[in-house]
Amino acid sequence: MERTELNTLGEFGLIDRIKTKFNLQNTESVKGIGDDAAVIDIGNQYMLISTDMLLEGVHFDLSYAPLRHLGYKAVAVNVSDIAAMNGIAKSITVGIGLSNRISVEAVDEIYEGIKFACEDYKVDLIGGDTTSSRSGLVISITVTGVVDKDKVAYRSGAKVNDILCVTGDLGAAYFGLQILEREKQEYIANPSMQPDLEEKSYLVGKQLKPEARADIIHELAEVGVVPSAMIDISDGLASEILHLSTQSGVGALIFEDKLPIEDITMLTATEFNISPVTAALNGGEDYQLLFTVKQADFDKIKNISDITPIGYMTEDKAVELVLNSGAKASIQAQGWNHLQ
Ligand code: ADP
Ligand code: MG
């Protein structure tokens, strides 16, 4: 029998392969595989469902990720996928796989974080599953949400000349991870050393305890704007723009000097000798929202703080970055590929 290695397909190739083997049979299933959440017709509204899994050794390292933060993050990254559909998260189920390294007190801590997030995002924990794990801690969360039928935002709705906007700032979570990794190596070399993360607390915080931008969904509703397309930034701006662009059948032009990057991110980028733009494009785990609006809607959102226009959608299918030098660079996806 033929054997194909997973990395020949990559994560997205594999998902596509699964997708082509299934047809939606129920009229209630409005949107299946391929967006941030599935869309189910429940009558007067749509229900949204999404799952995200965090694995020890792949997504987090228990030597520096506090369990409370881990619980919080596991919920936040799920709520983020509901926000990416312009929806409001309502409930979660939590599946946990526990290795024998995890004590009852440790489980308590994870659930304290989950509870904090449930309160922050007003979601109810309604169930889950508990098993033992031989390969470290696993936290798998499924989230449900709701959205009015005329307000759902798919990845596929962007039109030529729509303005491309991003919330918050980019690249910080990536450098947060670099700092944590560096401190871990230094600690291994010299265990008596106490890490000094004070100065970098912004970056480390973005990595360990990201927030879902549910606030932005409420702000957009207040000004009466429905994004023409939306996605959350889990793998990195580059990868997500390519998703919007491919699924919408349009191109995109973004501008280096418009990318929202904090000073501390810039400074740390220099320290690590990594381009801040590369980190903003490919770092990932920002959990900000990337969305497009019609030009006519832009006036209504331009005063919302924390939303930055970074470019616009174009007729030809290219996805390009206009550098400060004036030169154009083609954008390639180099987001996290957990399968490699
Ligand atoms: P996100 O980064 O927003 O969480 P993913 O890239 O994980 O999205 O998933 C993209 C789409 O593929 C989603 O619709 C998701 O439900 C679907 N998907 C991912 N993995 C699987 C799988 N193993 N089987 C079926 N669908 C999957
Ligand atoms: Mg997503």
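The values are calculated or read from the model by the stated rules, or taken from the named source; none is laboratory data. Note that this is a predicted model, so its numbers are computed, not measured. All Cβ positions, even for glycine, are placed from backbone atoms using ideal geometry, and neighbour counts span all protein chains on display. Ligands, DNA and RNA are stripped out before the accessible areas are found, and what is left, the full protein with its side chains, is counted by its heavy atoms. Shrake-Rupley method; radii C 1.70, N 1.55, O 1.52, S 1.80 Å.
Do we have any residue at all in segment 216-235 that's within 13 Å of ligand 1 (Cβ to nearest atom), modelled with pLDDT under 95, part of a loop (DSSP other than H, G, I, E, B) and open to solvent by less than 40 Å² (accessible area, probe 1.4 Å)? Scanning segment 216-235 turns up at least one residue that is within 13 Å of ligand 1 (Cβ to nearest atom), modelled with pLDDT under 95, part of a loop (DSSP other than H, G, I, E, B) and open to solvent by less than 40 Å² (accessible area, probe 1.4 Å). Evaluation of Lys90 against the conditions (1) within 14 Å of ligand 1 (Cβ to nearest atom); (2) in a strand (DSSP E or B); (3) open to solvent by 80 Å² or more (accessible area, probe 1.4 Å) shows that the sole unmet condition is (1).
To keep it simple, each residue is scored yes or no on (1) at pLDDT below 95; (2) within 20 Å of Thr131 (Cα to Cα); (3) in contact with a Lys or Arg (Cβ under 6 Å, 6 or more places away or on another chain).
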site	(1), (2), (3)
Ala65	yes, no, no
Asn78	no, no, no
Ala83	no, no, yes
Gly87	no, no, no
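If you check Leu242 against the conditions, is it open to solvent by 10 Å² or more (accessible area, probe 1.4 Å), within 16 Å of ligand 2 (Cβ to nearest atom), in contact (Cβ under 8 Å) with a residue 24 or more places away in the chain and hydrophobic (A, V, I, L, M, F, W, C)? In short, yes. Being within 26 Å of Ala117 (Cα to Cα), of a type in the set (Ser, Thr, Tyr) and not assigned by TED's automatic domain parsing to the domain that holds Asn86, is that true of even one residue in segment 234-249? Yes; the residues of segment 234-249 include at least one that is within 26 Å of Ala117 (Cα to Cα), of a type in the set (Ser, Thr, Tyr) and not assigned by TED's automatic domain parsing to the domain that holds Asn86.
Contact map, segment 250-277: residues that are over 17 Å from Asp169 (Cα atoms) paired with residues that are at pLDDT 95 or above and polar (S, T, N, Q), Cβ distance under 7 Å, separation 6+ or inter-chain. Pairs shown: Val250/Thr314; Gly251/Ser245; Gly251/Thr314; Ala252/Ser245; Ala252/Thr314; Leu253/Thr314; Phe272/Gln178. Residue pairs, Cβ under 6 Å, 6 or more apart or interchain, first in segment 18-43 and within 16 Å of Asp232 (Cα to Cα) and within 13 Å of ligand 1 (Cβ to nearest atom), second open to solvent by 70 Å² or more (accessible area, probe 1.4 Å) and not in a loop (DSSP other than H, G, I, E, B). List them. As it stands, the answer is Ile33/Lys19, since those pairs meet every condition given. Scanning segment 20-50 for residues that are surrounded by 12 or more Cβ atoms within 10 Å (Cβ to Cβ) and closer than 22 Å to Ser245 by Cα gives Val30, Lys31, Gly32, Ile33, Gly34, Asp35, Asp36, Ala37, Ala38, Val39, Ser50. The requirement of being away from ligand 2 (no atom under 16 Å from the Cβ) and modelled with pLDDT of 95 or more is satisfied by Leu55. Checking each residue in segment 117-165 for being among the acidic types (Asp, Glu) and open to solvent by less than 30 Å² (accessible area, probe 1.4 Å) picks out only Asp162.
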